Amino acid sequence: MVLYYFLAFAAAAAIAIQAPINSRLGQALSDQPLLAALISFSVGTIALFILCLFRADFNNLGHTLLQQPLWKLSGGLLGAFMVFCSAFLPLKIGLGNFLFMVVVTQILVALLIDHFGLIGMPHKPIDIWRLLGALVIMIGLFIFFFGEKIAN
């Protein structure tokens, strides 16, 4: 179980590191964040393909995949959108502002998904403790990212 939390921590760190890397790549490619996103996503796709060669079972993939509703394939589009935004927005609004919006929005959307059991997730109603916890996190993030500007 500890490994899962470590992986979540590593994934969050990867988002924070990926954004400036993608931004700088876009800048190096004559200010083309869309091209940077494509390259970044392609490198990730190749890495996943190589991992799948060793770990995935491709038996019945085509048949099983064709039976899935289209919304289950939208994760790739959402991922591509996130990669593009990570290449485009940090240079426009700043890395801190970008990550502030990412984290706060992820908390809010996760609460809604849990509360309503959306996308097949287990139903976890919003109670006062989850709401207070999210509020404390968001206030803390706001102070962390914008406190100095407010104080001055």
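Numbers below:
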| quantity | calculated |
| --- | --- |
| Test for residue 43: is it surrounded by 12 or more Cβ atoms within 10 Å (Cβ to Cβ) and in a helix (DSSP H, G or I) | no |
| Lone qualifier among 16, 80 - being under 25 Å from residue 143 (Cβ atoms), small (Gly, Ala, Ser), in contact with a Leu (Cβ under 9 Å, 6 or more places away or on another chain) and touching a residue at least 24 places away in the same chain (Cβ under 8 Å) | 16 |
| Number of the condition not met by residue 126 [criteria: (1) in a helix (DSSP H, G or I); (2) surrounded by 11 or more Cβ atoms within 10 Å (Cβ to Cβ); (3) not hydroxyl-bearing (Ser, Thr, Tyr)] | (1) |
| Residue that is on the phi > 0 side of the Ramachandran plot, assigned by TED's automatic domain parsing to the domain that holds residue 11 and not hydroxyl-bearing (Ser, Thr, Tyr), where the choices are 31, 57 | 31 |
| Residues located in region 92-121, provided they are surrounded by 12 or more Cβ atoms within 10 Å (Cβ to Cβ) and not aliphatic (A, V, I, L, M) | 94, 96, 97, 98, 100, 106, 114, 115, 116, 117 |
| Residues that are farther than 11 Å from residue 90 by Cα, free of Cβ contacts under 8 Å to residues at least 60 places away in the same chain and either in contact with a helix residue (DSSP H, G or I) (Cβ under 8 Å, 6 or more places away or on another chain) or not polar (S, T, N, Q) (or both), drawn from region 19-32 | 28, 29, 31, 32 |
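The values are calculated or read from the model by the stated rules, or taken from the named source; none is laboratory data. Source: prediction; values computed, not measured. Note: ideal-geometry Cβ built from the backbone for every residue, glycine included; neighbour counts use all protein chains shown.
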